[in-house]
1. Could you list, ordered by first residue, the pairs with Cβ atoms under 7 Å in which the first is in the range 103-117 and modelled with pLDDT of 95 or more and the second is of a type in the set (A, V, I, L, M, F, W, C), at least 6 apart or interchain?
2. Could you tell me whether Gly76 is touching a residue at least 40 places away in the same chain (Cβ under 8 Å), touching an Asp or Glu at 6+ places or on another chain (Cβ under 7 Å) and of a type outside the set (A, V, I, L, M)?
3. Determine whether the range 87-96 contains at least one residue that is touching a Lys or Arg at 6+ places or on another chain (Cβ under 9 Å), buried (at least 24 other Cβ atoms within 10 Å of the Cβ), without any contact (Cβ under 8 Å) to a residue 60 or more places away in the chain and aliphatic (A, V, I, L, M).
4. Can you pull out every residue in the range 192-221 that is crowded, with 20+ Cβ neighbours inside 10 Å, at pLDDT below 90 and either aromatic (Phe, Trp, Tyr) or outside any helix (DSSP H, G or I) (or both)?
5. How do the pairs read when you match residues in the range 145-166 that are over 30 Å from Cys135 (Cβ atoms) with residues anywhere that are exposed (fewer than 13 other Cβ atoms within 10 Å of the Cβ), using Cβ under 9 Å and keeping only pairs 6 or more apart or on different chains?
6. Only one of these is within 16 Å of Asn128 (Cα to Cα), of a type in the set (Asp, Glu) and out of contact with any helix residue (DSSP H, G or I) (no Cβ under 7 Å at 6 or more places or on another chain): Glu77, Glu46. Name it.
7. List the number of the failed condition for Thr107; all other conditions in (1) of a type in the set (Val, Ile, Thr); (2) over 20 Å from Ala180 (Cα atoms); (3) touching a Gly at 6+ places or on another chain (Cβ under 9 Å) hold.
8. Could you tell me whether any residue of the range 222-229 is within 20 Å of Arg27 (Cβ to Cβ), of a type in the set (A, V, I, L, M, F, W, C) and either outside any helix (DSSP H, G or I) or free of Cβ contacts under 8 Å to residues at least 24 places away in the same chain (or both)?
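The values are calculated or read from the model by the stated rules, or taken from the named source; none is laboratory data. Quick caveat, the model's predicted, so the values are computed rather than measured. Using ideal geometry, Cβ is built from the backbone for each residue, glycine included, and neighbour counts are taken over all protein chains shown.
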Amino acid sequence: MASSRLAGRIALVTGASRGIGAAVARRYAAEGAQVILAARTVGGLEEVDDAIQSDARAAGREALPATLVALDIANGEEIDRMALAVAQRFGRLDVMVGNAGMYGPQTPTAQIEPADWERALAVNLTANWRLIRACEPLLRASTSGRAIFVTSGITRAAGRSAYKACYAVTKIALEALTRAWAAELEKTSIRVNLLNPGGVRTAMHEEAYPGLDPMKFPPPEAVTEAFVALAEESCTRHGELVHAQEGVVHPR
(Lines give C-alpha, C1' and ligand atoms only; values in the text may rest on other atoms or scores of the structure.)
Protein backbone atom coordinates (compact mmCIF):
# COMPACT_ATOMS: atom_id res chain seq x y z
CA MET A 1 0.00 0.00 0.00
CA ALA A 2 1.35 3.42 -0.92
CA SER A 3 2.34 5.68 1.95
CA SER A 4 0.29 8.86 2.33
CA ARG A 5 1.69 10.75 5.30
CA LEU A 6 1.62 13.98 3.29
CA ALA A 7 -1.49 13.30 1.22
CA GLY A 8 -3.17 16.50 0.09
CA ARG A 9 -0.36 18.72 1.36
CA ILE A 10 1.21 21.34 -0.87
CA ALA A 11 4.96 21.47 -0.38
CA LEU A 12 7.59 23.86 -1.72
CA VAL A 13 11.20 22.68 -1.85
CA THR A 14 14.01 25.03 -2.88
CA GLY A 15 17.27 23.75 -4.27
CA ALA A 16 15.24 20.83 -5.58
CA SER A 17 17.23 19.93 -8.69
CA ARG A 18 19.88 17.80 -6.99
CA GLY A 19 21.22 16.42 -3.73
CA ILE A 20 19.10 16.66 -0.60
CA GLY A 21 16.48 18.85 -2.28
CA ALA A 22 15.88 16.34 -5.06
CA ALA A 23 15.69 13.46 -2.59
CA VAL A 24 13.20 15.35 -0.40
CA ALA A 25 11.09 16.22 -3.43
CA ARG A 26 10.89 12.57 -4.47
CA ARG A 27 10.08 11.43 -0.94
CA TYR A 28 7.40 14.09 -0.47
CA ALA A 29 5.79 13.09 -3.75
CA ALA A 30 5.91 9.44 -2.72
CA GLU A 31 4.14 10.41 0.50
CA GLY A 32 1.30 11.98 -1.50
CA ALA A 33 2.25 15.66 -1.49
CA GLN A 34 1.71 18.07 -4.36
CA VAL A 35 5.27 19.32 -4.76
CA ILE A 36 6.46 22.69 -6.01
CA LEU A 37 10.12 22.44 -6.97
CA ALA A 38 12.36 25.48 -7.26
CA ALA A 39 15.92 25.65 -8.57
CA ARG A 40 17.98 27.50 -11.16
CA THR A 41 18.14 24.80 -13.83
CA VAL A 42 15.04 23.74 -15.74
CA GLY A 43 16.76 20.58 -16.93
CA GLY A 44 17.57 19.51 -13.39
CA LEU A 45 14.00 20.11 -12.25
CA GLU A 46 12.65 18.13 -15.18
CA GLU A 47 14.91 15.22 -14.27
CA VAL A 48 13.54 15.23 -10.72
CA ASP A 49 9.97 15.33 -12.02
CA ASP A 50 10.77 12.39 -14.32
CA ALA A 51 12.17 10.52 -11.32
CA ILE A 52 9.00 11.24 -9.34
CA GLN A 53 6.86 9.78 -12.12
CA SER A 54 9.19 6.78 -12.46
CA ASP A 55 9.03 6.16 -8.70
CA ALA A 56 5.25 6.19 -8.88
CA ARG A 57 5.10 3.75 -11.77
CA ALA A 58 7.50 1.39 -10.01
CA ALA A 59 5.25 1.50 -6.93
CA GLY A 60 2.09 0.93 -8.98
CA ARG A 61 0.54 4.30 -8.17
CA GLU A 62 -0.03 7.67 -9.78
CA ALA A 63 1.95 10.75 -8.83
CA LEU A 64 0.72 14.30 -9.08
CA PRO A 65 2.73 16.25 -11.66
CA ALA A 66 5.24 18.52 -9.95
CA THR A 67 5.07 22.27 -10.38
CA LEU A 68 8.48 23.38 -11.60
CA VAL A 69 9.79 26.89 -10.91
CA ALA A 70 13.10 27.96 -12.44
CA LEU A 71 14.49 30.87 -10.45
CA ASP A 72 17.61 32.37 -8.98
CA ILE A 73 16.95 32.01 -5.26
CA ALA A 74 19.05 35.14 -4.65
CA ASN A 75 16.56 37.24 -6.62
CA GLY A 76 13.91 38.40 -4.17
CA GLU A 77 11.55 39.60 -6.87
CA GLU A 78 11.52 36.13 -8.41
CA ILE A 79 10.61 34.67 -5.00
CA ASP A 80 7.76 37.16 -4.71
CA ARG A 81 6.46 36.17 -8.15
CA MET A 82 6.66 32.50 -7.23
CA ALA A 83 4.65 33.09 -4.05
CA LEU A 84 2.03 35.00 -6.01
CA ALA A 85 1.74 32.14 -8.51
CA VAL A 86 1.35 29.63 -5.66
CA ALA A 87 -1.36 31.79 -4.11
CA GLN A 88 -3.22 32.04 -7.41
CA ARG A 89 -3.00 28.32 -8.16
CA PHE A 90 -3.27 26.68 -4.74
CA GLY A 91 -4.38 29.37 -2.30
CA ARG A 92 -2.09 28.10 0.45
CA LEU A 93 1.18 26.39 1.27
CA ASP A 94 1.34 23.55 3.77
CA VAL A 95 5.09 22.90 3.77
CA MET A 96 8.05 25.12 2.94
CA VAL A 97 11.57 23.68 2.81
CA GLY A 98 14.38 26.23 2.59
CA ASN A 99 17.09 23.95 1.28
CA ALA A 100 18.87 25.93 -1.46
CA GLY A 101 22.37 26.90 -0.50
CA MET A 102 25.97 27.31 -1.54
CA TYR A 103 29.25 26.67 0.24
CA GLY A 104 31.15 29.72 -0.88
CA PRO A 105 34.90 30.19 -1.07
CA GLN A 106 37.22 28.26 1.23
CA THR A 107 39.87 30.84 1.80
CA PRO A 108 41.33 32.95 4.63
CA THR A 109 38.67 35.31 5.90
CA ALA A 110 40.71 38.40 5.09
CA GLN A 111 41.02 37.26 1.47
CA ILE A 112 37.33 36.65 0.71
CA GLU A 113 36.26 38.65 -2.31
CA PRO A 114 33.34 41.03 -1.59
CA ALA A 115 31.29 39.55 -4.44
CA ASP A 116 31.70 36.03 -3.02
CA TRP A 117 30.72 37.20 0.47
CA GLU A 118 27.64 39.00 -0.82
CA ARG A 119 26.55 36.04 -2.96
CA ALA A 120 26.82 33.64 -0.02
CA LEU A 121 24.74 35.97 2.15
CA ALA A 122 22.20 36.39 -0.64
CA VAL A 123 21.74 32.65 -1.26
CA ASN A 124 22.04 31.21 2.25
CA LEU A 125 20.45 33.96 4.33
CA THR A 126 18.62 36.73 2.51
CA ALA A 127 16.82 34.32 0.19
CA ASN A 128 15.34 32.51 3.17
CA TRP A 129 14.19 35.79 4.69
CA ARG A 130 12.53 36.61 1.35
CA LEU A 131 10.84 33.19 1.43
CA ILE A 132 9.53 33.96 4.91
CA ARG A 133 8.34 37.38 3.83
CA ALA A 134 6.63 36.08 0.69
CA CYS A 135 5.24 32.79 1.99
CA GLU A 136 4.12 33.45 5.56
CA PRO A 137 0.61 34.45 4.34
CA LEU A 138 0.42 31.19 2.38
CA LEU A 139 1.46 29.15 5.43
CA ARG A 140 -1.09 31.00 7.55
CA ALA A 141 -3.74 29.99 5.00
CA SER A 142 -2.96 26.35 5.82
CA THR A 143 -4.50 24.69 8.85
CA SER A 144 -1.05 23.28 9.69
CA GLY A 145 1.75 25.17 7.97
CA ARG A 146 5.22 23.72 8.39
CA ALA A 147 8.56 25.40 7.58
CA ILE A 148 11.92 23.64 7.59
CA PHE A 149 15.27 25.35 7.06
CA VAL A 150 18.40 23.36 6.36
CA THR A 151 21.37 24.24 8.54
CA SER A 152 24.73 22.62 9.24
CA GLY A 153 26.82 21.21 12.06
CA ILE A 154 29.44 23.85 11.22
CA THR A 155 27.50 26.32 13.40
CA ARG A 156 28.56 24.34 16.48
CA ALA A 157 32.05 23.42 15.34
CA ALA A 158 34.14 26.57 15.50
CA GLY A 159 37.35 24.59 15.22
CA ARG A 160 36.27 23.24 11.84
CA SER A 161 35.18 26.57 10.39
CA ALA A 162 38.64 27.91 9.52
CA TYR A 163 38.69 29.03 5.87
CA LYS A 164 34.93 28.47 5.74
CA ALA A 165 33.73 31.82 7.10
CA CYS A 166 31.18 32.48 4.35
CA TYR A 167 29.33 29.24 4.97
CA ALA A 168 29.63 29.28 8.76
CA VAL A 169 28.47 32.88 9.15
CA THR A 170 25.47 32.49 6.85
CA LYS A 171 24.29 29.31 8.57
CA ILE A 172 24.66 30.83 12.05
CA ALA A 173 22.65 33.83 10.87
CA LEU A 174 20.03 31.54 9.30
CA GLU A 175 19.56 29.80 12.63
CA ALA A 176 19.05 33.15 14.39
CA LEU A 177 16.56 34.23 11.72
CA THR A 178 14.61 30.97 11.98
CA ARG A 179 14.42 31.07 15.77
CA ALA A 180 13.23 34.69 15.73
CA TRP A 181 10.47 33.85 13.25
CA ALA A 182 9.48 30.75 15.21
CA ALA A 183 9.11 32.83 18.36
CA GLU A 184 6.82 35.23 16.52
CA LEU A 185 4.60 32.33 15.38
CA GLU A 186 4.39 30.61 18.77
CA LYS A 187 0.62 31.14 19.07
CA THR A 188 -0.21 30.17 15.49
CA SER A 189 -0.69 26.76 13.87
CA ILE A 190 2.58 27.15 11.93
CA ARG A 191 5.52 25.07 13.13
CA VAL A 192 9.04 26.19 12.19
CA ASN A 193 12.20 24.14 12.68
CA LEU A 194 15.84 23.87 11.70
CA LEU A 195 17.16 20.61 10.30
CA ASN A 196 20.81 19.57 10.24
CA PRO A 197 21.19 16.70 7.76
CA GLY A 198 24.72 15.91 8.92
CA GLY A 199 27.36 14.64 6.54
CA VAL A 200 25.60 13.45 3.38
CA ARG A 201 26.95 12.27 0.04
CA THR A 202 26.29 15.39 -2.02
CA ALA A 203 28.27 17.56 -4.41
CA MET A 204 28.35 20.36 -1.82
CA HIS A 205 29.76 18.05 0.85
CA GLU A 206 32.45 16.86 -1.54
CA GLU A 207 33.26 20.50 -2.35
CA ALA A 208 33.62 21.25 1.36
CA TYR A 209 35.64 18.15 2.21
CA PRO A 210 37.44 17.03 -0.96
CA GLY A 211 39.86 14.81 0.97
CA LEU A 212 37.15 12.56 2.42
CA ASP A 213 35.79 9.43 0.79
CA PRO A 214 32.19 10.33 -0.18
CA MET A 215 31.14 6.68 0.02
CA LYS A 216 31.62 6.81 3.78
CA PHE A 217 28.63 9.14 4.03
CA PRO A 218 24.95 8.25 3.59
CA PRO A 219 23.11 9.23 0.40
CA PRO A 220 20.58 12.09 0.50
CA GLU A 221 17.70 9.61 0.61
CA ALA A 222 18.86 8.52 4.07
CA VAL A 223 17.85 11.82 5.68
CA THR A 224 14.44 12.34 4.05
CA GLU A 225 12.53 10.73 6.91
CA ALA A 226 13.29 13.73 9.13
CA PHE A 227 11.93 16.08 6.46
CA VAL A 228 8.70 14.07 6.30
CA ALA A 229 8.28 13.98 10.07
CA LEU A 230 8.67 17.76 10.36
CA ALA A 231 6.23 18.33 7.47
CA GLU A 232 3.39 16.22 8.84
CA GLU A 233 0.23 17.75 10.26
CA SER A 234 0.93 15.85 13.48
CA CYS A 235 4.29 17.58 14.00
CA THR A 236 4.33 19.59 17.24
CA ARG A 237 8.01 20.48 17.31
CA HIS A 238 8.61 24.21 17.02
CA GLY A 239 11.66 26.42 17.11
CA GLU A 240 13.95 23.41 17.45
CA LEU A 241 17.15 22.20 15.87
CA VAL A 242 16.68 18.63 14.69
CA HIS A 243 19.52 16.34 13.64
CA ALA A 244 18.29 14.21 10.76
CA GLN A 245 20.62 11.29 11.33
CA GLU A 246 19.48 10.96 14.93
CA GLY A 247 15.85 10.49 13.88
CA VAL A 248 12.76 12.50 14.76
CA VAL A 249 10.34 11.49 17.48
CA HIS A 250 7.38 13.76 18.07
CA PRO A 251 6.76 14.52 21.74
CA ARG A 252 3.41 13.36 23.07
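1. Pairs that qualify, where the first residue is modelled with pLDDT of 95 or more and the partner is of a type in the set (A, V, I, L, M, F, W, C), are Thr109/Ala165; Ile112/Ala165; Ile112/Cys166; Asp116/Cys166; Trp117/Cys166.
2. On the way: touching a residue at least 40 places away in the same chain (Cβ under 8 Å): yes; touching an Asp or Glu at 6+ places or on another chain (Cβ under 7 Å): no; of a type outside the set (A, V, I, L, M): yes.
Here the answer is no, as Gly76 does not meet what is asked.
3. no
4. Residues of the range 192-221 that are crowded, with 20+ Cβ neighbours inside 10 Å, as a first pass: 192-197, 200, 202, 205, 220.
The next check asks that each one be at pLDDT below 90; those that pass are 200, 202, 205, 220.
Result: Val200, Thr202.
5. Matching pairs, first to second residue: Ala162/Pro108; Tyr163/Pro108.
6. Being within 16 Å of Asn128 (Cα to Cα), of a type in the set (Asp, Glu) and out of contact with any helix residue (DSSP H, G or I) (no Cβ under 7 Å at 6 or more places or on another chain) holds for just one of Glu77, Glu46, which is Glu77.
7. Evaluating Thr107 over (1) of a type in the set (Val, Ile, Thr); (2) over 20 Å from Ala180 (Cα atoms); (3) touching a Gly at 6+ places or on another chain (Cβ under 9 Å) leaves (3) as the failure.
8. Our first condition is that a residue be within 20 Å of Arg27 (Cβ to Cβ); within the range 222-229, this holds for 222-229.
Filter once more, keeping what is of a type in the set (A, V, I, L, M, F, W, C): 222-223, 226-229.
Those left that are additionally either outside any helix (DSSP H, G or I) or free of Cβ contacts under 8 Å to residues at least 24 places away in the same chain (or both): 222, 229.
Looking through the range 222-229, at least one residue is within 20 Å of Arg27 (Cβ to Cβ), of a type in the set (A, V, I, L, M, F, W, C) and either outside any helix (DSSP H, G or I) or free of Cβ contacts under 8 Å to residues at least 24 places away in the same chain (or both).
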